[in-house]
Amino acid sequence: MSRREDIENALRHLAPKIPGYECGAIVDHAMDSAGLRSASAESAAWLSMTAYVRHVFTVYDDLLADGYDPESARFFVAEEMNFRLAEWGVLRTIDL
């Protein structure tokens, strides 16, 4: 099995209700990320998925543009991220 298939399988296990488009975009990000090349498929899937949700479905980038530091911005979007992840069937949550 290829690394891409391993990451996709891990992602589908983590988020069984994830829409196909989002799944593909997240796997693409995991494959393209130099920082995730040595990560396990499960870690790559989780980290890529949370980054995707943070940037696509929250106001995280707006908060950064408004001068918030990354840690504070992540705090303010955690609840919104957890809501989206739960919609996708993810049991794990983002810590506040």
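The values are calculated or read from the model by the stated rules, or taken from the named source; none is laboratory data. Bear in mind that the values here come from a model prediction, so they are computed numbers and not experimental data. Cβ sites come from the backbone with ideal geometry, for glycine too, and all protein chains shown count toward neighbours.
Going by the conditions given, is residue 95 at pLDDT below 95 and among the charged types (D, E, K, R)? Spell out how you get there, then give the answer.
Working: at pLDDT below 95: yes; among the charged types (D, E, K, R): yes.
Here the answer is yes, as residue 95 does meet what is asked.
What do you reckon, is residue 12 free of Cβ contacts under 8 Å to residues at least 40 places away in the same chain, of a type outside the set (Asp, Glu) and in contact with a Cys (Cβ under 9 Å, 6 or more places away or on another chain)?
Values: free of Cβ contacts under 8 Å to residues at least 40 places away in the same chain: yes; of a type outside the set (Asp, Glu): yes; in contact with a Cys (Cβ under 9 Å, 6 or more places away or on another chain): yes.
Yes.
Please enumerate the residues belonging to region 16-53 that are part of a loop (DSSP other than H, G, I, E, B) and surrounded by 14 or more Cβ atoms within 10 Å (Cβ to Cβ).
We begin by selecting, within region 16-53, every residue part of a loop (DSSP other than H, G, I, E, B); these are 16-19, 33, 37-40.
Residues satisfying the conditions are 18, 33, 39.
Is it the case that some residue within region 7-17 is more than 13 Å from the chain's Cα centre (by Cα) and closer than 23 Å to residue 79 by Cβ?
yes
Being outside any helix (DSSP H, G or I) and at pLDDT 95 or above is the filter here, so list the residues in region 1-15 that pass it. Let's see the steps before the verdict.
Of all residues in region 1-15, those outside any helix (DSSP H, G or I) come to 1-2, 15.
Answer for region 1-15, where residues must be outside any helix (DSSP H, G or I) and at pLDDT 95 or above: 2, 15.
Can you find a residue in region 19-27 that is in contact (Cβ under 8 Å) with a residue 12 or more places away in the chain and within 19 Å of residue 96 (Cα to Cα)?
no
List pairs: first residue in region 80-96 and over 13 Å from residue 54 (Cβ atoms), second residue small (Gly, Ala, Ser) and surrounded by 13 or more Cβ atoms within 10 Å (Cβ to Cβ) anywhere in the structure, Cβ distance under 7 angstrom, at least six positions apart or on different chains.
Cβ pairs passing all conditions: 88/15; 89/15; 90/15; 96/78.
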